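The values are calculated or read from the model by the stated rules, or taken from the named source; none is laboratory data. Everything numeric here is computed off the predicted structure, so don't read it as measured data. Counting neighbours? That spans all protein chains shown, and the Cβs are built from the backbone with ideal geometry, glycine included.
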Amino acid sequence: MIAALIPYAFVVSVALAGAGKVLIYIALLSVLIIFHEFGHFICAKLAGVTVTDFAVGFGPSLAAVRRGDTTYRLNALPLGGYCKMLGEDSEGASSDPGNFNHKSVGARFGIIAAGPIFNLVLAVLIFSALAWAQGVPTGPTTVVDAVSSGTPAAAAGLRAGDQIVALDGVPIRSGGEMLDYIRGHANKTVQVDVLRQGRHVQLQIADKPLVVVNGEPKGAFGFTPHYLIEREPPIAAIGYGVSMLGTVAATNFVGIVGAIRAHRASSVIHGPVGIARFVIGAEAAGFATLALIGAQLSVMLGLINLLPFPALDGGRLAFLAVEFLRGRPINPEREGLVHLAGFALLMVFVAFVTYNDIVQWVQGKGGL
């Protein structure tokens, strides 16, 4: 589904940010989608299902090679990819033993679930690789690492390299203490004392509400503190990757639920254009930051596709679960209509969040 939405996200993002930066976004999402489709592909092969096509990109084929029953394609539009299985979207009247619909419910369930699961595995691999190669943050400092454009911190003149020494006249002794104070003073203007190249500078920064937790807004200035970094050995890095998977999933769930309860869902739920904005903003921060956002997106892509909603992988898994419980398949035409209706609802929802993303981008709101 997400792959089908990339083209219009590409057009809008190019208009707002330029083609060069948007190509990085396209490349990143394409990797996530191709890895997703590879999960379906490898499990289908292991289950004996005939994969007729595995393609990188969409549109006309630039190159194609056939190996066994599968044609591997490189297509003209690098906007994701797809894995096409024999009988996947039909009743499966064919007697071919490689027909998807002739496999057991368990085998089909595994094939469909493999795509989202591979996205979760990819996220763990990225988190683990970053922990081993670059290190993990062990705690924030009071030094400003980067200031995001269009934020209260940028408007007040906060700069990278500034050291925050006091907030509202209260001395700050640690990065954790600094962040707690900022988060606890949403919707207020905070007096910020900083050391800048040996000079004392005093700023007034509006504490912007960022997220809502248990009905309470949490503030942010719009800067990233410098973190102490420590590299992890391989085994510990894998453990860190798994823990980050759970952390990202839980954080996003809590943030979305809190925003919905506070009627601020549009501020945290984004479509392809909104995601493009975040990726484009992260590109300037370097490869590691881009890889980190890629891992976070992979988590969300996997979890969203596991939701039991028609047209998503989770919706198909729900139909397979019903088939297992009732002992016979659901009428394919009825299932197809349900998925079609679900896809239509998703398009309406995506149109809404995309409109909101474009408005926020034009007005300079949200973003990194």
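Condition first: farther than 22 Å from Gly39 by Cβ and either at pLDDT below 90 or not assigned by TED's automatic domain parsing to the domain that holds Pro329 (or both). Now tell me which residues in the range 61-76 satisfy that.
If the condition is that a residue be farther than 22 Å from Gly39 by Cβ and either at pLDDT below 90 or not assigned by TED's automatic domain parsing to the domain that holds Pro329 (or both), then Ala76 is the only one that fits.
Could you list, in sequence order, the residues of the range 79-96 that are part of a strand (DSSP E or B) and either at pLDDT 70 or above or of a type in the set (Phe, Trp, Tyr) (or both)?
Going residue by residue through the range 79-96, those that are part of a strand (DSSP E or B) are 79-85.
Those that are part of a strand (DSSP E or B) and either at pLDDT 70 or above or of a type in the set (Phe, Trp, Tyr) (or both): Gly80, Gly81, Tyr82, Cys83, Lys84, Met85.
Table: residues versus (1) within 11 Å of Ile111 (Cα to Cα); (2) crowded, with 16+ Cβ neighbours inside 10 Å.
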residue	(1), (2)
Glu37	yes, yes
His40	yes, yes
Leu46	yes, no
Val51	no, yes
Ala64	no, no
Gly68	no, no
Ala76	no, no
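Just to be sure, is Phe100 aromatic (Phe, Trp, Tyr) and in contact with a strand residue (DSSP E or B) (Cβ under 9 Å, 6 or more places away or on another chain)?
On the way: aromatic (Phe, Trp, Tyr): yes; in contact with a strand residue (DSSP E or B) (Cβ under 9 Å, 6 or more places away or on another chain): yes.
Criteria met by Phe100.
Looking at Phe58 and the list (1) assigned to a strand (DSSP E or B); (2) under 24 Å from His102 (Cβ atoms), which single condition is not satisfied?
(2)
May I ask you to say which residue of Arg73, Arg108 is of a type outside the set (A, V, I, L, M, F, W, C) and not in a strand (DSSP E or B)?
Values: Arg73 fails: not in a strand (DSSP E or B).
It is Arg108.
Would you confirm, using the coordinates I've provided, whether Ala114 is within 28 Å of Leu28 (Cα to Cα) and not in a helix (DSSP H, G or I)? Explain how you work it out, then say what you get.
Working: within 28 Å of Leu28 (Cα to Cα): yes; not in a helix (DSSP H, G or I): no.
Taking the combined requirement at face value, the residue does not satisfy it.
Give just the number: which of (1) aliphatic (A, V, I, L, M); (2) over 28 Å from the mean Cα position of the chain (by Cα); (3) within 30 Å of Leu228 (Cβ to Cβ) does Ala47 not satisfy?
(3)
Tell me which residues, restricted to the range 134-150, are at pLDDT below 90 and in contact with a Leu (Cβ under 8 Å, 6 or more places away or on another chain).
Once the filter is applied, which keeps residues that are at pLDDT below 90 and in contact with a Leu (Cβ under 8 Å, 6 or more places away or on another chain), the range 134-150 yields Val136, Pro137, Thr138, Gly139, Ser148.
Out of the residues in the range 123-163 that are part of a loop (DSSP other than H, G, I, E, B) and aliphatic (A, V, I, L, M), which is surrounded by the most Cβ atoms within 10 Å (Cβ to Cβ)?
Filtering the range 123-163 down to residues part of a loop (DSSP other than H, G, I, E, B) leaves 134-135, 148-151, 157-162.
Within this subset, residues satisfying the condition of being aliphatic (A, V, I, L, M) are 158, 160.
Working: Leu158: 22, Ala160: 12.
This residue is Leu158.
Results for (1) assigned by TED's automatic domain parsing to the domain that holds Val105; (2) at pLDDT 70 or above; (3) exposed (fewer than 14 other Cβ atoms within 10 Å of the Cβ), shown as yes or no for each residue.
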position	(1), (2), (3)
Pro272	no, no, no
Ser298	yes, yes, no
Gly314	yes, yes, no
Leu320	yes, yes, no
Glu323	yes, yes, no
Gly327	yes, yes, yes
Leu337	yes, yes, yes
Ala341	yes, yes, yes
